[in-house]
Amino acid sequence: MSENVLEIHDVKKHFNVGNKQVVKSVDGISFSIKKGETLGIVGESGSGKSTIGRTIVGLYEATAGKVVFEGKEISQLDRKEKREFNRKMQMIFQDPHASLNPRMRVGEIIAEGIDAYGLAKGKAKQERVFQLLERVGLHPDHATRFPHEFSGGQRQRIGIARALAVQPSFIVADEPISALDVSIQAQVVNLLEDLQKEEDLTYLFIAHDLAMVKHISDRIGVMYLGKMMELAESQTLFQEPLHPYTNALLSAIPVSAPKLRGTRERIVLGGDPPSPINPPSGCPFRTRCPSTMERCAVVMPEWKEVKKDHWVACHLY
Amino acid sequence: MSRLLEVNDLKVSFRTYGGEIQAVRGVSFYIDEGETLAIVGESGCGKSVTAQAVMGMVPVPHGKVKNGQILFGDRDITKLSKKKLQQIRGSEIGMIFQDPMTSLNPTMKIGTQIREGILKHQKLSKNEAKEKALELLRLVGISDVEKRYSQYPHEFSGGMRQRVVIAIALACDPKLIIADEPTTALDVTIQAQILDLLKDIQKKRNSSIILITHDLGVVAEVADRVAVMYAGVVVESGTVDEIFENPKHPYTLGLLKSVPNLDSPDKERLIPIDGSPPDLFAPPTGCPFAARCPFAMEVCVMHMPDKETFSDHHYAKCWLNDNRAIKVEEMITAGSEQLV
């Protein structure tokens with residue numbers, strides 16, 4: 001568990017939106033993920049959590065900074081290495097309705113990656129597809145059906161089978177359960193946990209549902225407006241949050257039982273998150289922060305390790 | 001507290017190319033003045049259609065209220081003419097929709113949209129209506145109201161738009177507010193703000209709220225009573241404490257067990273409900289949950305259970321509560337499931 005599979009160093013991803021305006025979706029983020037670990041990323045809409053996931057997978061090219069996977073920087077890979085990287089790094093998408101080709105049969109969808117990498121042919125390929133379907137809790141007969149014949153939860157299982165087909169070692173799951181019903185969410189989360197153990201996978205789990213992220217992650221990173229605010233082990237983050245934003249975010253989670261009503265002291269954040277096109281100077285959270293200081297408007301606080309494995313970017317520490 | 005709304009044995013069906021789909025199959029509930037009732041259930045359980053029926057907004061010609069009464073005061077909403085319904089909608093019942101991005105007209109100024117309902121239902125001049133609209137904007141926590149009044153929806157963020165939608169729903173001081181997943185499209189911190197706002201308004205105006213949601217956290221936070229819907233039927237109903245502390249239907253229990261508990265220190269494995277909800281083109285004759293229920297018995301597949309009452313408010317429709325059924329505890333010791 002000690003070796004870092006993925007390291008990202010000061011990664012930035014900026015989008016040009018015309019009128020000479022630039023959206024800094026991800027603005028200088030660094031973290032690393034150990035083998036077999038699950039790192040959860042939480043943040044509100046517009047925080048850049050999906051962008052960081054897509055940058056890591058290579059769907060976006062980073063504007064600046066380095067993404068290092070298994071010791072190699074991904075922008076420096078040659079064609080052969082890049083192909084291998086694409087196999088090892090897979091993604092599960094949020095919307096199970098939009099991420100499967102409606103004109104392809106489920107078997108074809110899953111076999112596409114197997115074909116592309118020549119992992120199996122003919123009967124062996126067929127067997128592999130059946131095996132994958134069973135592994136994710138579907139029936140081999142389902143291979144000949146089309147995606148529209150399945151419910152949301154089943155489709156998400158197909159998406160997982162497709163990701164597993166090429167025997168990846170790292171999976172980026174971008175809000176894999178937020179489009180599903182409560183009772184189905186638990187099915188998919190349990191499946192992801194089982195697969196992690198059996199296949200020795202490493203996960204980057206992106207979500208906005210804090211309770212679910214806490215459940216599945218070993219460590220959690222909190223993002224706000226393109227910056228990482230805090231990163232710590234999940235227990236620590238929930239019990240001793242340091243950053244005022246993390247504090248406010250945790251206090252906003254509804255209680256889990258009516259008898260606990262009113263026990264959680266709510267920190268109400270004034271206003272809305274600022275526009276990412278025109279973020280505030282210094283720390284992006286300072287406009288809503290209850291403990292803002294003069295210094296916050298001047299410089300973005302440094303990203304530092306305050307306690308062991310507990311990173312935070314805030315002038316308070 | 002006096003009774004504000006009572007729904008009796010409501011049935012709503014939709015005609016589709018695939019045949020008739022029975023979305024709501026005999027739903028009964030009531031709501032008193034000043035109370036918050038949460039209707040909980042998963043997609044397709046009929047919770048939104050129930051709300052539409054209460055507003056008299058079941059889409060025609062495909063949808064049809066097949067049976068039942070919706071008593072609002074002494075009027076039956078299912079029997080009212082279009083004109084009478086329009087008088088009630090907006091003035092006596094206000095509606096808050098899920099998606100603040102699509103429930104406002106993008107080509108109309110915010111102020112005009114709020115004023116619209118006021119002008120229609122109340123005898124006020126345009127200027128008086130504007131004053132009232134500004135007051136509503138202040139009430140829902142929007143600052144700089146004069147400027148905001150003449151802005152368009154795209155100039156508002158999601159949370160701000162939802163506040164505007166709430167302002168429109170409140171415009172004519174409705175006695176009943178129906179909120180269909182009011183916070184689902186919003187971020188957690190904004191969700192907390194909107195829930196606080198709803199609670200606050202309810203306290204100030206003594207209005208009743210029917211809150212439709214799938215999020216048990218939201219329910220735990222704001223509801224007084226809960227009705228749990230599954231496959232077009234209310235399977236359990238009771239006060240919020242009864243539902244969370246002492247659920248009597250395996251589906252309710254399943255829902256509670258399938259979300260991670262943030263307030264518990266240990267990491268427990270989630271207990272999902274296996275399978276998926278039944279097809280409502282041909283709903284099962286017995287209990288609709290039987291196919292997914294870890295405690296299902298023979299009788300469950302054959303007959304729909306009757307209501308079993310546990311207290312003034314608490315009832316469930318499950319054969320396990322029948323005194324002839326063996327106790328769940330015994331089943332667990334017999335090793336059938338480790339659900340509890």
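The values are calculated or read from the model by the stated rules, or taken from the named source; none is laboratory data. Computed from a prediction, not measured in an experiment: that's the story for all the values here. Neighbour counts are summed over all protein chains in view; Cβ atoms, including those assigned to glycine, are modelled from backbone coordinates with ideal geometry. Just so you know, the surface numbers come from the protein's heavy atoms only, side chains and all, with ligands and any DNA or RNA stripped out. Shrake-Rupley method; radii C 1.70, N 1.55, O 1.52, S 1.80 Å.
What to note about this one:
- Only one entry of A:ALA207, A:ALA252 meets the criterion of being free of Cβ contacts under 8 Å to residues at least 24 places away in the same chain and in contact with a helix residue (DSSP H, G or I) (Cβ under 8 Å, 6 or more places away or on another chain), and that entry is A:ALA252.
- Test: residue in region B:100-121 that is under 28 Å from A:GLY43 (Cβ atoms), in contact (Cβ under 8 Å) with a residue 12 or more places away in the chain and within 14 Å of another protein chain (Cβ to nearest Cβ): yes
- Extreme residue, farthest from the other protein chains (Cβ to nearest Cβ), among residues of region A:164-183 that are part of a helix (DSSP H, G or I) and not β-branched (Val, Ile, Thr): A:LEU164
- Among the residues of region B:201-230, the one identified as part of a helix (DSSP H, G or I), surrounded by fewer than 24 Cβ atoms within 10 Å (Cβ to Cβ), within 10 Å of chain A (Cβ to nearest Cβ) and of a type outside the set (A, V, I, L, M, F, W, C) is B:GLY217.
- Considering only residues in region B:248-273 that are over 24 Å from the mean Cα position of the chain (by Cα) and open to solvent by 40 Å² or more (accessible area, probe 1.4 Å), the one that is nearest to the other protein chains (Cβ to nearest Cβ) turns out to be B:ASP263.
- Summed over region A:240-266, residues that are more than 9 Å from every other protein chain (Cβ to nearest Cβ), open to solvent by 60 Å² or more (accessible area, probe 1.4 Å) and modelled with pLDDT of 85 or more total 1.
- Scanning region B:148-196 for residues that are away from chain A (no Cβ under 14 Å), touching a residue at least 60 places away in the same chain (Cβ under 8 Å) and part of a helix (DSSP H, G or I) turns up B:VAL165, B:ILE166, B:ILE168, B:ALA169, B:LEU170.
- Within region B:231-247, tally of residues that are closer than 26 Å to B:SER13 by Cα and within 11 Å of another protein chain (Cβ to nearest Cβ): 0
- Contacts under 8 angstrom Cβ, first residue in region A:272-293 being within 13 Å of another protein chain (Cβ to nearest Cβ) and within 23 Å of B:GLN162 (Cβ to Cβ), partner basic (Lys, Arg) and not in a loop (DSSP other than H, G, I, E, B), 6 or more apart: A:PRO276/A:LYS24
- Taking the criterion of being within 12 Å of another protein chain (Cβ to nearest Cβ) and open to solvent by 10 Å² or more (accessible area, probe 1.4 Å), the residues of region A:211-232 that qualify are A:ALA211, A:LYS214, A:HIS215, A:ASP218.
- Filtering region B:283-300 to residues that are surrounded by fewer than 14 Cβ atoms within 10 Å (Cβ to Cβ) and either in contact (Cβ under 8 Å) with a residue 24 or more places away in the chain or within 19 Å of B:ARG324 (Cα to Cα) (or both) leaves only B:GLU298.
- Here A:VAL166 meets each of (1) surrounded by fewer than 22 Cβ atoms within 10 Å (Cβ to Cβ); (2) within 15 Å of A:SER217 (Cα to Cα) with one exception, condition (2).
- Enumeration of residues in region B:205-235 that are farther than 21 Å from B:THR189 by Cα and acidic (Asp, Glu): B:ASP224
- Yes/no for A:ILE33 being of a type in the set (Val, Ile, Thr), open to solvent by less than 30 Å² (accessible area, probe 1.4 Å) and more than 23 Å from A:PRO284 (Cβ to Cβ): yes
- When A:GLU70 is tested against (1) open to solvent by 70 Å² or more (accessible area, probe 1.4 Å); (2) over 20 Å from A:THR202 (Cβ atoms), exactly one condition is not met: (2).
- B:ALA133 meets each of the listed conditions (1) part of a helix (DSSP H, G or I); (2) under 26 Å from A:GLU44 (Cα atoms) apart from (2).
- So A:ARG135, is it without any contact (Cβ under 8 Å) to a residue 60 or more places away in the chain and either surrounded by 15 or more Cβ atoms within 10 Å (Cβ to Cβ) or under 20 Å from the mean Cα position of the chain (by Cα) (or both): no
- In region B:325-334, residue modelled with the lowest pLDDT [restricted to those that are open to solvent by less than 60 Å² (accessible area, probe 1.4 Å) and closer than 20 Å to B:ILE271 by Cα]: B:ILE332
- Scanning region B:80-112 for residues that are closer than 18 Å to B:TYR30 by Cα and not β-branched (Val, Ile, Thr), we see that the one that is least open to solvent (accessible area, probe 1.4 Å) is B:GLY94.
- Residues of region A:1-47 that are of a type outside the set (Asp, Glu) and within 14 Å of another protein chain (Cβ to nearest Cβ): A:THR38, A:GLY40, A:VAL42, A:GLY43, A:SER45, A:GLY46, A:SER47.
- The residues of region B:301-324 that are open to solvent by 60 Å² or more (accessible area, probe 1.4 Å) and within 26 Å of the chain's Cα centre (by Cα), listed by number, are B:MET304, B:ASP306, B:LYS307, B:GLU308, B:THR309, B:PHE310, B:ASP312, B:HIS313.
- Answer residue from region A:9-32, given it is touching a Ser or Thr at 6+ places or on another chain (Cβ under 6 Å) and touching a residue at least 60 places away in the same chain (Cβ under 8 Å) and is farthest from A:GLY65 (Cα to Cα) among those: A:SER25
- Filter pass, A:ASP200 being within 14 Å of another protein chain (Cβ to nearest Cβ), open to solvent by 20 Å² or more (accessible area, probe 1.4 Å) and not hydrophobic (A, V, I, L, M, F, W, C): no
- Only one entry in A:ALA161, A:ALA120, A:ALA186 is within 30 Å of A:ALA252 (Cα to Cα) and either in a helix (DSSP H, G or I) or more than 12 Å from every other protein chain (Cβ to nearest Cβ) (or both), namely A:ALA186.
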